[in-house]
Every structure is written in structure tokens, then in C-alpha cells.
1. In segment 1-73, what trypsin sites (Lys or Arg not before Pro) fall in a loop by DSSP, with at most 16 other Cβ atoms inside 10 Å?
2. Do any of LYS75/LYS212; LYS22/LYS63; LYS57/LYS192; LYS22/LYS62 go past 20 Å between their Cα atoms, and which?
3. Whole Å is fine, so just give me how far the alpha carbon centre of segment 108-128 lies from that of segment 11-84.
4. On the first, second and third principal axes, largest extent first, how far apart are the outermost C-alpha atoms of segment 180-222 in Å?
5. Where the accessible area of segment 1-138 is counted over protein heavy atoms with a 1.4 Å probe, how much of it, in %, is carbon and sulfur?
6. Sequence-distant or interchain residues sharing an amide H contact under 5 Å with VAL61, placed H: which?
7. How compact is segment 127-215 by the rule of thumb for globular proteins, expressed as Cα Rg over 2.2 N^0.38 Å?
8. Efficiency by 1/(1 + (r/R0)^6): what FRET value for GLN32 and ARG162, r their Cβ-Cβ distance, R0 = 41 Å, to the nearest 0.05?
Amino acid sequence: MGTSTIAGVVRATCSAIWLRLKASVLPDPTRQQWLDIAQGFLERAQFPNCIVALDGKHIRVKKPPNSRSEYYNYKQFFSVVLLALADTNYRFIIVDIGSYGSTADARIFRASRMGCWLQSNQLNVPHPANLPGSTGPPAPYVVVGDEGFAHSSQLMWPFPKRGLDAKRRTFNYRLSRARRFVECTFGIFSHKWRVFLSPIQLAPQNVNVVIKVCVVLHNYVRTYEATPDEDAQVESPPLKMARTIRRRTVPGEHSLFAFASTGEHMRCSVCPLYIIIEQTLTLYLTVSRHIPANQQHTLPPRPSHLLNSIHFRLIRNLQS
């Protein structure tokens, strides 16, 4: 068969897979499904009233003809953007595909259908509910994202990192734990479907078809064929702590940082490196502020030494 015939067969196959699987593995969420997802974030990230995590991923593409700089992103390669909402099972809930790589995630979100639906309350989001253990006013169900998105009553991002008190540091840590699920979803996605490990040599409209079919295949695998071992690799601790560290509980808070080391090494190639570093430094700085001076010798090394240690262990573990 000729090249054009094979290309037509591939496009038709991808379109057929998308049409066949979309309704079953990427359906429009119902109110009960949102509540189930929120329960997952509460159990696995200790972040209540969270329905999804939001982020974008740049999919590398070959420079389209006559495209100028529309597809050239701030990371200095050509791409289209996959903007996604993900749950705690590393599944995509809603996706927006095909925006120019030069466009900021926040601008894509505002112009996307998912952003418009969220702002106009068309996503069947549950009504506000009390936080666990709280007698205060009901809190809305929210989407969590990073600082690149605009803050609103439906979208939450971390407090600025300067001048944080203990409660705000705790909030940022928990929000980071919730947000990492979408980062890990992208990691699993790109490593499972290796077409994304190098620039895709297709026209932009065909790139969108490939991304769409990989999204539904990813959700199919996560729904019907995911194994506990895979989840354990994704969620394994970022580094081995030398000592047990405990922080004193701030009145009115859960003892979020009261933990004991597990003695396990991180062996995961899908969790982004900067998330591991960010969470480790957040943990270190929070713990160091709540340990008496006469017990400071129980702390890990200072951050600069800690980063070198993390880098060495990651390279050693991922190469073995």
C-alpha cells in the first residue's frame, strides 16, 4: 500500500477509537462522580472539597509550515498544548487539545470550553459543603492549579511563598499534594505512549487526532488494566529520610508533618523532578521552623546539600 493509503487508515482508526471509547472512559461527569473524586482527594492528598487538578502539557511537534512563532513555546521548542483536569486515579476527566504552544495555560483555560463551563456552573459541580470536622460556613468545591492560573472561587492556587505563616505553609503543602496527581498523570501518559517522547512528525490537525486517541486509551488502561504495583511506583516516597522527624501540631490543625521515614528509595521515572525537589524543600523548611533549637541536629542537611543528594540519588536509581 502507498504512504497516503496507510496514513488514511491510521487516521480513520484513531477517529474510530475516539468515537468508540469516549462515551465510556471520558464521559461528562455527574454530580456523584464529582463527589467520588473529591473523596479520593481527601483520602489521598488530605485536601477536602477538591474535584480535580488542573495543568497543561506541551506536546512536542515538528514545526508546521508557515507557522512563524505560534507554536514556539517558552521552553524553546514547538508544541501544541494538552490542557487537562485529572483525578486521583491518574485519569483525565476533561481535556482541551490543540492550542498553540506560545499561549499561556491561563489564557487557554479562560478561552476553553472547560473554563467557560466551570465559570458558568455548567459542570454539575456539587453545592458547597462543610469541610471535614468544621462547623463553619460551607466551602465550595474547587479545582486546584499552580500560580499560572487566575484565582477564583472555583480555582485555587498556592499562597505566595514569601512571608508564610504555619497555616499557609500547611495549605500550600496540601495543595501541592493534590496538584501532583495531574503532573503524574501527564508523566504516565507520555511514558505509556512513546510517540510523545520525541517531536511528532505530523500536521497539527493530525497531531490533535493522535493526542485524542491516546487520551481515551490512557483512561481505558487506567480504568480496566491499572495494577497496584504501578500506582505504588508513582506514589513512592521521594527520598529516604535518615531520621524520624516530628513537628509539633499547631492548634486547630491536623499533624500533617508528623511522620516516620519508611526506608524506601524513590524508583519512579514518571514523577517530574521539580515536584520532588519542591516537596522536599517545603517539607524541610516547614519542619525546621517547628523543631526546638536543642533538637536541630535531628534535621536533614541544609537545602543546598539536600538538593545535591536528591540529584545524585535520582540519577543513580533511574539508571540502575
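1. Counting only loop positions with at most 16 other Cβ atoms within 10 Å, the trypsin sites (Lys or Arg not before Pro) in segment 1-73 are LYS62, ARG68.
2. Over 20 Å apart, Cα to Cα: LYS75/LYS212; LYS22/LYS63; LYS22/LYS62.
3. If you average the Cα positions of each part, the centres end up 15 Å apart.
4. Between the extreme Cα coordinates on each principal axis of segment 180-222 lie 30, 20, 14 Å.
5. 53 percent
6. PHE78, SER79, VAL80, ILE200
7. It is 1.51.
8. Values: r = 41 Å, r/R0 = 0.99.
Calculated transfer efficiency: 0.50.
The values are calculated or read from the model by the stated rules, or taken from the named source; none is laboratory data. What you are looking at is a predicted structure, and each value in this text was computed from that prediction instead of being measured. Cβ: placed from backbone, ideal geometry, glycine included. Neighbour counts: every protein chain shown. Ligands, DNA and RNA are excluded from the accessible area calculation, which covers all protein heavy atoms including side chains. Shrake-Rupley method; radii C 1.70, N 1.55, O 1.52, S 1.80 Å.
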